[in-house]
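As structure tokens, the structure follows; a few thoughts come after it.
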Amino acid sequence: MRTATVKGLLGRKLRTGLTALAIVLGVAMIAGAFITTDTMLKASDDLKQASYGTADAVVSGRTAFKLSDNNNGASQRKSIPESLAKQVQSVPQVAFASPEVDGEAKLTDKNGKVDKSSSGPPFAVGFDTSNPTARDLSPFKIRSGALPTQPNQVAIDKGTFDRKHYRVGDTIGAIANGSVQRFTITGTVTFGGVNSIGSASAAVFSLQGAQQLLGEPGKVDSILVRSKPGVSASEVRSAIAQTLPATAQVQSAQSQDRFDLSGLDSFLKILRTALLVFGFISLFVGAFIIFNTLSITVAQRTKEFGLLRMIGASRRQVLGSVVLEAIVIGLIASIVGIAAGFGLSKLINALFTSSGIDLPTAGTVFAGRTVIVAIAVGVGITTLAGLGPALRATRIAPVAALREGNVDPVRKRGKLGWAVTILTSAIGIGLVSYGVFANGLDATSVLVSMGVGSLLLFVGVALVAPQIARPLASVIGRASERFGGSAGRLARDNAMRNPHRTATTAAALMIGIALVTFVAVLGSSMRTAFDTQIGNTVKSNYVVTAPDGFAPFSAGTADALAKQPGVTAASVREDQVKAFGDKQSIDGIDATAGQVLQFNWKSGSNATLAQLGSDGAVITKKFADKHDLKVGGTLTAQSASGDKLNLTVRGIQKPSEFNPLGLADITISRQLFDKTFEQPKLRYVFVNTSMPEKQLAASVSQFPDAKVWTLAAYKKDQDKQFTSFLNILYALLALSVIVSLFGIVNTLVLSVFERTRELGMLRAVGMTRRQVRRMIRHESIITALIGAVLGMVVGVFLSALVTQALSQYDVGFHLPIGTLIAFLIVSIVAGVLAAIGPARRAGKLNVLQALQYE
Amino acid sequence: MADGLTNAAPAVSTRPVVSAMSITRRYGEGESAVDALRGVALEVMSGELTSVMGPSGSGKSTLMHILAGLDRPTQGTVEIAGNDITQMNDNELTLLRREHIGFIFQFFNLLPMLSAEENILLPLSLAGEKPDTEWVDELIGKVGLADRREHRPSELSGGQQQRVAIARSLVTRPTVLFADEPTGNLDSTTSDEILQLLRGSVDDYGQTIVMVTHDAGAAAVADRTMFLADGLLVKDLGRSSSSQVLAAMNDIQTAAAR
Ligand SMILES: Nc1ncnc2c1ncn2[C@@H]1O[C@H](COP(=O)(O)OP(=O)(O)OP(=O)(O)O)[C@@H](O)[C@H]1O
Ligand SMILES: [Mg+2]
């Protein structure tokens, strides 16, 4: 029996191969997800290792809490006097103390434009480059050229250097707080062992150069310590600790973590989860295909199974043989899938790079866990999907061997079948609704309940699909009949003749189309809401941000703008504080803000913004409710440097839940903000003026890290970022659509094979090869369109539910008709593509042999 | 062997519609090669029912496939309605089949999802032609399916299915109709009905038919019977009774046994 199964599989190589492909892609996605993220996490680990370098201790300014690296927090530094290095050096256990400046500075190219090709953070460091021990302690190593020795020299990371085609001796700019300063490139550096540090860039200056650039002569951010031989790291730390003033602290390099990469790590973990989810979606689609293919082959082998039963095979043996077939297919698919996962991980990297998200790279990491999970999932799902057809095979009676031809066993749906169908769909819809409507669920529960609910809904719809497939095929087939003549008509009849088969094939495509429809509708609804909400809040005709739209930029910009005649400008600066025990963003705004921004006031008015003074705060309703604050109430916020702000609530405003500008929960006056935070940086300047755009832009030309947008252009740019996010989702979902294409190919190949004699007859009575190909092509298109229609209905239904739940966030339901039509066209193209192979095969059949085919 | 081919047939016919010139057909190559036809020349006369008989493996089906353009001879040429079909490409052959050739198979080969009438109209629909309703009604009446038009093949008996196949082959009024053991799958009563139907189409419409059969009774309905043995045309009888046909078959078999 076992040999028969394996021989059978070998004999049906094409079929086995096509079936396996359906699983290969899903497994590849899962393996790819692990390989990609393992590799990136390793690179990020290397980065951390490198950033700790060989220092035994790091002395730095004492901060009240550790700022998170969210690109918006600006004054991440709490500097210490350079002279402290001498004091540390004099500790007997210390062999060497190297003062270092660590900050951020954006680089500008020869044309004075900020390098947008790297989205940051733009590390800027300075140390005593002439000292060999200091060089050794620094994680930045010279790669080509030389390290800078003069204050007007710089060495930059190799990635940026190559990307911008710089040469040693070129002059570039760097901008931190003031205006641009110019530096001559002396060479390139790498960060420890890692070539690319993802989206980050790096510039190494002489100690003095860095101090000048970052605007703090005589100050440094950390002192790297090498201990004397025989002195342990902890010994040297405790020795130093005793000598330090209260404003400084000594830590291990690890816990000081100068180049905070935790943001990258958590991004990678989200990325991994996302890729795994998309992998599972593909596998889920693959399961439909396995189920369908094995169902068809079981039906086509009715006689064979009847014969096996007649000569004494038990039901169990029949079951075993089909299940074994599934296991073998699953195993082959998983192994191929793992190999493909390698390729895919490269592709994913390229995809992210092309969408402007550059991630760190290192040697590919291939963990044992990857293999185990991929094989377990691949084989498991294939076997599960094969169970149904296997059970059906056991029900074939021995007399089937004696009947004429192989026929699909008639599958009548009993009461139980209907009950299961309805129950599955109902539970599915119930879970989705619970996920989106229930209050107080955390994000994970929402996603899990929505995900599981959608899967059940898909299964439910797939179970009903055979009932809908015939009428749908009949309606859609009208078009085929119109365009395809009699071949089109036969295609329509063929699509209707085995509704189970058509439905399951279409259901696989339905899943992909439903998900892209969901994303498209939700995306379009959110985008519309987003645009409206920006319009409601922003009342200026210009917006100034960093070129990328979100990075912090020079505070000087606001003053330069405010100085222009006929200009009303209000800036928003941002940093972090700790309030009620939580880390929190805080905004500082100009008194003029009320003239360019419209807040949705619960208490107070736009005028309140001009009266915040040295202790007033405006807070959001959410924040007020959470901490039970009212106007006149007080709260304390602590900055990272330890300063305590005692604030009185002057106004409460309720931003749209979407918060499209991403403003903070606590807003204080600019004066208080600037007093509290050493080096304030801006998020926005809102500008109202009749001045033309060019002239306005020219007025801030000395700040290349600022960009002037008209309000319309700003919205458009935000849309563009949203669109590229949607495009990544589409690309990932496209994989499941591709998987379902294999399903269509498979069904067509099997149908052609089964209808060989019929095709021979058609050719004999006058069907041309072209007509044969056209018939198969239309069958394919009809199936694809059934899938597309079902998918769109499910997708629109799901997105309607979600937008309904989001109505409290002022999100309305918005159908992107153009996009949906594009999906229909894509489905037709998919159908045409899937049909190419099978149609060729059918067209090439030898009439005579086909007629004699048994 | 080609002597007296035409003069042996009764003079009902006027002109040949199919003519084969010294055709051979070899299957395979080298040692294991089989010569299914070893030089056959014949002409099929318009308006005649020609039957082809012979022992199993004598090459009847092979001959018919070649005459109908479904297979190519290894050597020799075949002309149908004045066209040399041995030089035609697939598309030309298909178009020729549409216009000039009808088929009836032993297995009825109907499309299961089409009704009886739709099956009958299939060749016209493939050719993109409008059916002549009067002719179609007459044909369906003649094959006795007037009350079965909307039935699917699965709802018809074997005899009824073969009638559908016959109507399908006649609907285009082909120059020549080929039938390979059309009654091979049917009981004797049904066989007789089918044979009468074929005979009737010759008498009433002047249809030309070439029919391969194992049944002497079937051959007796024909205007002419050709005998194949071992890839050669060995006998060509005019209208004969079934006992004459049986005697001829016996002669051939004893000759082969010797
Ligand atoms: N495709 C093929 N490949 C090899 N040999 C073949 C092929 N088709 C037929 N033959 C051989 O050619 C010879 C003639 O076959 P053919 O089918 O024409 O006989 P037939 O007279 O129709 O027989 P029957 O009465 O059994 O149908 C036989 O010896 C057969 O084995
Ligand atoms: Mg034969």
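So here's what we get for this one:
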read-out	value
Qualifying residue in region B:83-91 (condition: facing chain A (nearest Cβ under 10 Å), modelled with pLDDT of 90 or more and on the phi < 0 side of the Ramachandran plot)	no
Single residue of region A:492-528 satisfying the filter (within 30 Å of B:LEU126 (Cα to Cα) and away from chain B (no Cβ under 11 Å)) that is most open to solvent (accessible area, probe 1.4 Å)	A:HIS500
Matching residues in region A:477-490 - criterion: being within 11 Å of chain B (Cβ to nearest Cβ) and open to solvent by less than 10 Å² (accessible area, probe 1.4 Å)	A:ALA487, A:GLY488, A:LEU490
Members of region A:755-776 that are within 48 Å of the chain's Cα centre (by Cα) and more than 7 Å from every other protein chain (Cβ to nearest Cβ)	A:ARG755, A:THR756, A:LEU759, A:ARG770, A:VAL772, A:ARG773, A:ARG774, A:MET775, A:ILE776
Given (1) more than 12 Å from every other protein chain (Cβ to nearest Cβ); (2) out of contact with any Phe, Trp or Tyr (no Cβ under 7 Å at 6 or more places or on another chain), index of the condition B:GLN106 fails	(1)
The one condition in (1) part of a helix (DSSP H, G or I); (2) within 14 Å of chain A (Cβ to nearest Cβ); (3) β-branched (Val, Ile, Thr) that B:THR189 fails to fulfil	(2)
In region A:604-637, the residues that are among the polar types (S, T, N, Q) and surrounded by fewer than 17 Cβ atoms within 10 Å (Cβ to Cβ)	A:SER605, A:GLN611, A:SER614, A:THR634, A:THR636
Enumerated strands (runs of 3 or more DSSP E) restricted to region A:659-746, each holding at least 1 residues that are buried (at least 22 other Cβ atoms within 10 Å of the Cβ), touching a residue at least 24 places away in the same chain (Cβ under 8 Å) and charged (D, E, K, R)	A:681-689, A:707-710
Matching residues, region B:173-193, being within 16 Å of ligand 2 (Cβ to nearest atom) and acidic (Asp, Glu)	B:ASP180, B:GLU181
Residues being closer than 25 Å to B:PRO131 by Cβ and not in a helix (DSSP H, G or I) - total across region B:167-186	10
Count of region B:208-228 residues which are open to solvent by 20 Å² or more (accessible area, probe 1.4 Å) and within 13 Å of ligand 1 (Cβ to nearest atom)	2
Hits in region A:645-658 (condition: out of contact with any Gly (no Cβ under 8 Å at 6 or more places or on another chain) and surrounded by fewer than 18 Cβ atoms within 10 Å (Cβ to Cβ))	A:ASN646, A:LYS654, A:GLU657, A:PHE658
Any hit, region B:164-180, residues being open to solvent by 40 Å² or more (accessible area, probe 1.4 Å) and over 19 Å from B:ARG97 (Cβ atoms)	no
Residue that is nearest to B:PRO182 (Cα to Cα) [pool: residues in region B:92-102 that are out of contact with any Pro (no Cβ under 9 Å at 6 or more places or on another chain) and facing chain A (nearest Cβ under 8 Å)]	B:THR94
Residue within region B:185-193 that is away from ligand 1 (no atom under 16 Å from the Cβ) and touching a Ser or Thr at 6+ places or on another chain (Cβ under 7 Å) present	yes
One residue from A:ALA822, A:ALA805, A:ALA842 being loosely packed, with under 15 Cβ neighbours inside 10 Å and either in a helix (DSSP H, G or I) or within 14 Å of chain B (Cβ to nearest Cβ) (or both)	A:ALA822
Matching residues in region B:119-141 - criterion: being more than 23 Å from B:ASP180 (Cα to Cα) and more than 8 Å from every other protein chain (Cβ to nearest Cβ)	B:GLU129, B:LYS130, B:PRO131, B:ASP132, B:THR133, B:GLU134, B:TRP135, B:VAL136, B:ASP137, B:GLU138, B:GLY141
Residue within region A:221-237 that is surrounded by fewer than 22 Cβ atoms within 10 Å (Cβ to Cβ), at pLDDT 85 or above and at positive phi present	yes
Checklist (1) assigned to a helix (DSSP H, G or I); (2) away from ligand 1 (no atom under 16 Å from the Cβ); (3) more than 16 Å from B:GLN162 (Cβ to Cβ) applied to B:GLN253, failing item	(2)
The lone exception for B:GLY82 - which of (1) away from ligand 1 (no atom under 16 Å from the Cβ); (2) crowded, with 23+ Cβ neighbours inside 10 Å; (3) among the small types (Gly, Ala, Ser) it fails	(2)
Among the candidates B:SER125, B:SER115, residue that is surrounded by fewer than 22 Cβ atoms within 10 Å (Cβ to Cβ), farther than 26 Å from B:ARG25 by Cα, touching a Ser or Thr at 6+ places or on another chain (Cβ under 9 Å) and without any contact (Cβ under 8 Å) to a residue 60 or more places away in the chain	B:SER125
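Residues are listed down the side, and each one gets a yes or a no for (1) touching a Gly at 6+ places or on another chain (Cβ under 7 Å); (2) modelled with pLDDT under 85:
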site	(1), (2)
A:LEU283	yes, no
A:THR293	no, no
A:GLU304	no, yes
A:ILE311	no, yes
A:ARG316	no, no
A:GLY320	no, no
A:ALA326	yes, no
A:ILE335	no, no
A:ALA340	no, no
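The values are calculated or read from the model by the stated rules, or taken from the named source; none is laboratory data. All values derive from a computational prediction rather than experimental measurement. Quick reminder, even Gly has a Cβ in these numbers, built from the backbone with ideal geometry, and neighbours come from all protein chains shown. Surface areas here come from the heavy atoms of the whole protein model, side chains and all, with no ligands, DNA or RNA. Shrake-Rupley method; radii C 1.70, N 1.55, O 1.52, S 1.80 Å.
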